[in-house]
Amino acid sequence: MTRSAWIVPGLLLALTACVPNSIQPQRTDPAAFAAWADDNGPYHIGVGDEVEIKLPYHAAFNDRVTVGPDGHFTLPLVGDITAEDRTTTDLARELDLRYSNEFRDPRVQVAIRAYASERVFVGGEVNNAGVYTVPGRVGVLEVLTMANGLMDTAQSHKIVLIRRAPSGRPMMKVIDLSSFIAGASEDVRVHPFDIIFVPKTQIAEVDQFVDQFITRVVPFQRNFNYTLGRQSAN
């Protein structure tokens, strides 16, 4: 299980390709998306993140480790640790328990010192679709600027943002970028592994976009666990 985003590269390629006749469309059901939530809770550690481990009273065992492709790292005394998809609080709790076999009251502290997971995926009517590493807290407008902006055929008032909810289900939000530029609304901050898709002007409804560019092409099963950013176990 890694964050190698098995579904996303194919999705980005398919979004700009013709819809294959061999794939039968499925009924689009927007209600199958999870309810949108702007706050997805605390950050979850990803592959490639650099994590600092501190033992305040046992500084000789302080360490900095990088989460490997398998989502694990190794520490002296405690051995192999599963880190991917966990919060720093959860990880500190486990390390505290493990180190307590060696030290009294270890009080382990965990912090992320470098992020490798801050990537978003941009497709549709932008000048340079692809995968972008975002520098900290940025919004949809900044990411679209990184993609060299919108094409003339872009529908800027119905930009689609798809995000994996904590439950694993997909969430979808429609963003009116023209309203934000006019100062009538706020930009939306992107999260790791978000998908931003800019539809063409002739696509009148977002539901039609989901049916034409996702359901028919991937196909996009709404009842599956949204595995964006990780490989399937099957």
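Throughout, read-outs are computed from the coordinates displayed, never taken from laboratory work. Fair warning: this is a prediction, and the values are worked out from it, not measured in the lab. Cβ coordinates were reconstructed from backbone atoms using ideal geometry, including for glycine residues, and neighbour counts include every protein chain displayed.
The dipole here belongs to the stretch 35-130: it is taken about the Cα centre, uses +1 on the Cβ of Lys and Arg and -1 on the Cβ of Asp and Glu, and is about 360 debye.
With a ≥ b ≥ c taken as the square roots of the eigenvalues of the C-alpha gyration tensor of the stretch 50-114, please select rounded if a/c is under 1.5 and otherwise prolate if a/b is larger than b/c or oblate if it is not? Taking the square roots of the gyration eigenvalues as a ≥ b ≥ c, the stretch 50-114 is prolate. Quick one: if you stick a label point 7 Å off each Cα along the C-beta vector at ASP80 and HIS191, how many nm between them? Going from the ASP80 label point to the HIS191 one covers 3.0 nm. By the beta-carbon count within 10 Å of each Cβ, the least crowded to most crowded order of ASP194, ASP96, fewest first, is ASP96, ASP194.
Add +1 for every Lys or Arg and -1 for every Asp or Glu among the other residues with Cβ under 14 Å from the Cβ of ASN148, and state the total. Mind dumping the intermediate values first?
Numbers: positive: none; negative: GLU125, GLU142, ASP152.
Result for the local shell: -3.
Sorting LEU141, LEU91 by the number of Cβ atoms found within 10 Å of their own Cβ, with the fewest placed first, yields LEU141, LEU91. In whole angstrom, note down how far apart the Cα centers of the stretch 36-63 and the stretch 153-175 are. Cα centres, the stretch 36-63 to the stretch 153-175: 28 Å. Pairs of Cα atoms nearer than 8 Å and 6+ residues apart set the relative contact order; for the stretch 50-114 it is 40 percent.
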